[in-house]
Amino acid sequence: MTQFKLNINDKTHEVDVDPDMPLLWVIRDIVGLTGTKYGCGIAQCGACTIHLNGKAVRSCVIPVSSIKDDQITTIEGLSKNGDHPLQLAWDKEDVPQCGYCQAGQIMAAAELLKEIPRPTNDDINVAMTNICRCGTYKRIKKAIKMAAEGGKS
């Protein structure tokens, strides 16, 4: 076991874990932030998407030992009151069906909107590689467009 100091959602967390433990499990099981989900464990589905220094990454394959002075943001840290434009659009468009992938979808979409504030359908198709088993892709795209337009559908 090794001690690590992590900055998650602007709070410092000291954890004593195996250096090879994936960041996902540190976030969920050690720190207790369970909004980030486990899906596949091989960085394919995107359920575990978080922001690492502002970039969307899949936390299931990142060993905690690779985190130094990095800023980690989970779905719980995206907004204080669940009022990020994407979270509001997700709710208004009734995007989730089962909801399992939605935190990762929102985190991926947040980086997209930061990089491309007014994305085209092609921009969305390229950037949104997270998998939704329920197939709510049309609603996801509509919610991203709504958030980009300031909440107007």
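The values are calculated or read from the model by the stated rules, or taken from the named source; none is laboratory data. The model shown is predicted, which means the values in this text are computed figures rather than measured ones. Here the Cβ is made from the backbone with ideal geometry for all residues, glycine too, and neighbour counts use every protein chain on show. These area figures cover heavy atoms from the full protein model, side chains too; ligands, DNA and RNA do not enter into them. Shrake-Rupley method; radii C 1.70, N 1.55, O 1.52, S 1.80 Å.
Below is a table of values for the structure above.
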quantity	calculated
Sequence-separation-based contact order of the chain, relative, with Cα cut under 8 Å and 6+ spacing, percent	23 percent
Per residue accessible area in Å² of the chain, where ligands, DNA and RNA are left out and the probe is 1.4 Å	53 Å²
Pairs beyond 30 Å (Cα-Cα), from 55/80; 5/145; 37/114; 5/142; 68/138	5/145; 5/142; 68/138
Structure-based [θ]222 nm, the chain - -39500 (n - 2.57) summed over DSSP H runs of at least 4, per residue, nearest 500	-8500 deg cm²/dmol
Three-way shape label, segment 41-110, alpha-carbon gyration tensor, a/c 1.5	oblate
Kirkwood Rh and Cα Rg combined as Rg/Rh, segment 1-151	0.98
Carbon and sulfur %, accessible surface of the chain computed with the full protein complex present, 1.4 Å	49 percent
Beta bridges per DSSP with both ends in the chain, % antiparallel, nearest 5	90 percent
Given charges at Cβ of Lys, Arg, Asp, Glu: the chain dipole, positive-most of 63, 41, 116	116
DSSP-loop trypsin sites (Lys or Arg not before Pro) across segment 41-82, with at most 10 other Cβ within 10 angstrom	68, 80
Solvent-accessible ranking of 133, 118, largest area first, probe 1.4 Å	133, 118
